[in-house]
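Structure first, then comments.
The values are calculated or read from the model by the stated rules, or taken from the named source; none is laboratory data. Given the structure is predicted, the values throughout are model-derived calculations rather than measurements. Quick reminder, even Gly has a Cβ in these numbers, built from the backbone with ideal geometry, and neighbours come from all protein chains shown. SASA here: full protein model, heavy atoms, side chains in, ligands and nucleic acids out. Shrake-Rupley method; radii C 1.70, N 1.55, O 1.52, S 1.80 Å.
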Amino acid sequence: MTEIAYRVRRSERARRVRVTVDAHGVEVVLPRRAAEREARAAVRELEPWIRRRVREQEAAREAVAARGDAVPYLGQLLDVRSEPGRSRVHRRGSELLVPAGAAREPALERWYRRAARQEIAPRLERACTLAGSSYSKLTIRGQRTRWASCSRGGAMSFNWRLLLAPEPVLDYVVWHEVCHLEVMDHSPRFWALLARWCPDYRQQSGWLRRHGQTLVL
């Protein structure tokens, strides 16, 4: 069995050794004063988990490649067609007209960010109305490790990549954050509240856990 290749990054903020596995490979984050050997020890200790995560990453890449020249949108597949001279993405039915060349990916992301606000805002308003709560602002971001968040002041943040998931998954994440307006932690009270408003939350959460790595353009 081949050795696990990894990169080391030192962090002033890190208080302990941390190992992450993503599309860019295996990274070990070390506190500034930690010895290099602590990275090797962490990789040895977590080897089964790291290898499982690497296999999941490979499966995710294969799933993305299998889409061909199409992108998902809330459970649909939209065919992507490049047009030279175009600067913005335009949707026409089940087709996305996109800029050609290097401008394609940035333009697609901008389109998804705009669409995320249009899809999430009414869902958030409706959920808050039903739950009798309110939020202070909505932000669309592209976080690497979080799908959404809710601050104590009611500020909501959602990852635009949620639009690459099936619609019930997006609805679940909206309800998850709305429930945090009433219960900030993940106590039994929170899960009971979420089950009340989103009875199938376990199914949707499981989908996101299994397939979240495929939510890329």
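Overall shape of region 3-96 was characterised from the C-alpha gyration tensor. The equivalent ellipsoid obtained from it has semi-axes of 40, 17, 10 Å, in decreasing order. Taking a ≥ b ≥ c as the square roots of the eigenvalues of the Cα gyration tensor, an a/c ratio of 1.5 or more together with a/b no larger than b/c marks region 138-205 as oblate. Our helix-only sum for the chain, with -39,500 (n - 2.57) per DSSP H run of n ≥ 4 divided by its residues, gives a mean residue ellipticity at 222 nm of -14000 deg cm²/dmol. Each Cα pair under 8 Å and six or more residues apart adds its sequence gap; the mean of these over the residue count of the chain is a relative contact order of 14 percent. Ligands, DNA and RNA excluded, the heavy atoms of Cys150 present near 20 Å² of accessible surface to a 1.4 Å solvent probe.
Take 17-25, 63-71 and order them by the average number of nearby Cβ atoms within 10 Å per residue, most first; the result is 17-25, 63-71. In this view, the solvent-accessible surface of Glu167, computed with a 1.4 Å probe and all protein chains in place, comes to about 80 Å². Given the choices [x] 19.7; [y] 18.4; [z] 17.7, Kirkwood radius over Cα pairs in Å derived from the coordinates of this structure is entry [x]. Dipole orientation for region 1-84: of the candidates Ala35, Val21, Tyr73, Ala35 has the Cα lying most toward the positive pole (charges on Cβ; Lys, Arg +1; Asp, Glu -1). Less than 5 angstrom separates the built amide H of Arg10 from those of Leu30, all sequence-distant by 5 or more or on a different chain. Report the antiparallel proportion of the DSSP beta bridges in region 110-168 as a percent, rounded to a multiple of 5. Antiparallel: roughly 40 percent of the beta bridges in region 110-168. For Trp160, the solvent-accessible surface with a 1.4 Å probe is about 0 Å², rounded to the nearest 10. Taking 0.36 nm per residue of sequence separation and removing the Cα-Cα distance, the Ala66/Arg18 pair yields an extension gain of 14.1 nm.
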